[in-house]
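What follows is one structure encoded as structure tokens, with my remarks underneath.
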Amino acid sequence: MFLRDQKGQALLFVVLMTSLILVLATGALAVAGAHRRNVRLQEQQVQVYYIAEAGLERALARMREEPDWLDGVPSGGSVRMAGVEGPYAGGEISEVTLQKNPEGMGLRVDLTSVGKFIGAQKTLRASLYLVNTRSLLGGLSLLPESPMDLDIKGKFSLEGTGESTPRLLLNGDLHLSGSASIEGDVYVSGEVVGRDRVTGQIHSGLQDLPEFPAIDLTYYEGQARQQGQYYGGDLSWSGTIPLNGVYYVQEEANLSGTYYGRGVIVVEGDVTISGDLLPGSEGDALAVICLGDVDMENNTVNATIITEGTLFLRGNAEVEGAVLARGISFGQKGKKDKSEGDEEKITGNVTIRYNDEGIPQDLLMGVVTELKILSWEEAHPIF
């Protein structure tokens, strides 16, 4: 009887222990399965985040590479960027939208990107502040590293063509006297004296003026070499000038004549414009990008001029297009440099006539303008 009781207790103990082991094993398997599922979900969340982020990066790249496309986007409305959507990294950039609005001297751009990966979906949003080349090439822009004192005395005019209204953008103080006039808006970091000589709005004391853009010489040199238009020494052009694409000059350039086509000339040294430089037909456009100084006297130039040095305008000098420079001078080269704050009276009649139709925007890809990321975040974060 006693042995039978012991056998029964042992059997009960074995049954209980077996049941406990089964329960523990089942729980462990359930925990392990849940852990694996959580790991997979986390991996999917990480992957879908990168996919959505790739949509924002593609949108940024298109904005930089196709400035004309961004210019054509209407302000205030939301546009779908179907060209940057599609399969990516095993998932899909399913939707990317852009909205732009004018803000200050530039644009505020809001981007939204939706990424999908297996069962996961994530939305990222980014807000950017962009000052593009079109914003800087709005007439006359003078952006030295340190504020300058621009004192214009004599016959000077900044005017527009047709419906193109110019603007003066200046890092420094502006003093207008004599016959100087500006038929447009003025944006300065300092003060304006001679306000009655400005027909448009005056914005003074600005603290957020854009900086002078960087020039991507590697890009332009590569394009010129690829097109067979690289010059290892000086360049002298006159008479009839056929243009097609990018030209790179390692030393100095002397330019005059009539050009046909569309082109940009990038010069590491100085540029002398020794005679009139004019388009031969409608639709022709020229941009001159210079790391040194640009010097012209008693000439008419139809071109976009971008110089990291000083633009010298002497005598009866006329520029139709747009000017972006670090400094400007109305005196003899080597004697006075307005970026250093000299004062000089214009002896001739200097005119800068803004014409946006003559700006070859598609050839200014190497002019790297300011882009600030204001925010970059997930639309509905979990944590």
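The values are calculated or read from the model by the stated rules, or taken from the named source; none is laboratory data. Note that this is a predicted model, so its numbers are computed, not measured. For neighbour counting, all protein chains shown are included, and Cβ atoms are generated from backbone atoms with ideal geometry for every residue, glycine included. Each accessible area value is taken on the protein alone, full model and side chains, heavy atoms only, with ligands, DNA and RNA left out. Shrake-Rupley method; radii C 1.70, N 1.55, O 1.52, S 1.80 Å.
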Legend entry - Reach of Lys155 by Cα under 16 Å, taken over aspartates and glutamates that are not fewer than 8 positions away in the same chain: Glu183, Asp196, Glu297, Glu318, Glu343, Glu344
Legend entry - Virtual spin-label span in nm between Val23 and Val193, 7 Å along Cα→Cβ: 9.4
Legend entry - Set of aspartates and glutamates with alpha-carbon distance to Lys122 below 20 Å, sequence-local pairs under 8 removed: Glu43, Glu53, Glu57, Glu85, Glu92, Glu95, Asp110, Glu377, Glu378
Legend entry - Dipole in debye (nearest 20) - the chain, about Cα centre, beta carbon charges: Lys, Arg +1; Asp, Glu -1: 2260
Inset, instruction - Using a 1.4 Å probe and ignoring any ligands, DNA or RNA, find the accessible area of Arg353 and quote it in Å² to the nearest 10. - result: 50
Legend entry - Residue-averaged 222 nm ellipticity for the chain, from DSSP H runs of 4+ at -39500 (n - 2.57), nearest 500: -7500 deg cm²/dmol
Inset, instruction - Would you kindly derive the ³J(HN,Hα) couplings of the stretch 104-115 from the backbone phi angles with the Karplus curve 6.51 cos²θ - 1.76 cosθ + 1.60 (θ = phi - 60°), listing them in order in whole Hz, with x for Gly and Pro? - result: x, 8, x, 10, 9, 10, 10, 10, 10, 10, 10, x
Inset, instruction - State in Å² the accessible area per residue of the stretch 154-272; use a 1.4 Å probe, count heavy atoms of protein chains only, and round to the nearest integer. - result: 46
Legend entry - Euclidean distance between Cα centres, the stretch 172-214 to the stretch 251-317, Å: 25
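Using the beta-carbon distance between Ala82 and Thr218 and R0 = 30 Å, what value does 1/(1 + (r/R0)^6) give for FRET efficiency, to the nearest 0.05? The partial results should precede the final answer.
On the way: r = 31 Å, r/R0 = 1.04.
So the FRET efficiency works out to roughly 0.45.
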Legend entry - Rounded FRET efficiency, nearest 0.05, which uses the C-beta distance separating Asn101 from Glu297 and R0 of 35 Å: 0.20
Inset, instruction - Of the listed values (i) 267; (ii) 196; (iii) 148, grab the one calculated as volume of the Cα convex hull per residue in Å³ from the structure here. - result: (ii)
Inset, instruction - Could you tell me how many degrees, from 0 to 90 and to the nearest 10, lie between the Cα long axis of helix 217-226 and the main elongation axis, the longest principal axis, of the Cα atoms of the chain? - result: 80
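Compute, for the stretch 227-289, the length of the dipole vector about the Cα centre, with Cβ point charges of +1 (Lys, Arg) and -1 (Asp, Glu) only. Units Debye, rounded to 20.
Computed about the Cα centre, the dipole is about 200 debye.
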Inset, instruction - Pull up all non-local amide H partners of Asp276: gap of 5 or more, or a different chain, and H-to-H distance under 5 Å with H placed in the peptide plane. - result: Gly257, Thr300
Inset, instruction - Give the residue from Leu363, Leu150, Val23 lying farthest towards the positive end of the charge dipole for the chain; charges sit on Cβ (+1 for Lys and Arg, -1 for Asp and Glu) and the dipole is referred to the Cα centre. - result: Val23
Legend entry - Counted charge near Arg197, where neighbours are those whose Cβ lies closer than 15 Å (Asp, Glu -1; Lys, Arg +1): -3
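Given a 1.4 angstrom probe, what's the average accessible area per residue across the stretch 47-111, in square angstrom?
46
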Inset, instruction - Could you tell me how many degrees, from 0 to 90 and to the nearest 10, lie between the Cα long axis of helix 2-65 and the main elongation axis, the longest principal axis, of the Cα atoms of the chain? - result: 10
Inset, instruction - For the stretch 220-292, give the percent of accessible area contributed by carbon and sulfur heavy atoms, probe 1.4 Å, rounded to a whole number. - result: 40
